[in-house]
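The values are calculated or read from the model by the stated rules, or taken from the named source; none is laboratory data. Here the structure is a predicted model, which means the values were calculated and not measured. Backbone-built Cβ (ideal geometry, glycine too); neighbour counts: all protein chains shown. Note: accessible area is taken over every heavy atom of the protein model, side chains too, but ligands, DNA and RNA are not part of it. Shrake-Rupley method; radii C 1.70, N 1.55, O 1.52, S 1.80 Å.
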Amino acid sequence: MKRYVAALALCLLLAPAQAQETPAPDPDADVEEGFSLLNEGAKLLFRGLMDEMEPAMRGMGEAMGELQPALRDLLAKVDDLRNYEAPERLPNGDILIRRKPDAPPLPQNAPEPDPDAPSIDL
């Protein structure tokens with residue numbers, strides 16, 4: 001009988017030791033899970049930003065559509081931007097953009113602005 005009690009006690013002592021053994025954590029799985037969570041967080045962040053910025057971008061597109069005729073007239077008058085020097089700010093706040101001395105002369109038949117185009121008040 002003492003043998004059975006000793007064997008039973010030995011089994012009971014070894015059972016918790018076996019239950020406490022856990023497999024070693026896989027570091028690759030942790031890194032992969034971390035990247036997955038970062039990816040999901042980035043998607044949520046950018047989706048929120050896109051939802052927030054969509055009305056502003058739509059409004060900016062409409063404004064650019066309205067300015068397009070005026071910008072075309074301006075570019076026709078300016079010719080090529082490489083023919084001008086860098087802008088210069090004067091002490092009174094005015095900004096001068098001088099034409100380079102070696103630039104070709106402006107065409108004499110510059111297109112007239114469209115009278116129906118929206119004007120810009122300065």
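The table below gives the values:
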{"read-out": "From the options Arg3, Arg72, Arg47, residue that is within 30 Å of Asp116 (Cβ to Cβ), modelled with pLDDT of 65 or more and among the basic types (Lys, Arg)", "value": "Arg72"}
{"read-out": "Residues of segment 14-44 classified as open to solvent by 100 Å² or more (accessible area, probe 1.4 Å) and at pLDDT 60 or above, total", "value": "10"}
{"read-out": "Segment 75-122, residues that are surrounded by 11 or more Cβ atoms within 10 Å (Cβ to Cβ), modelled with pLDDT of 80 or more and assigned to a helix (DSSP H, G or I)", "value": "Asn83"}
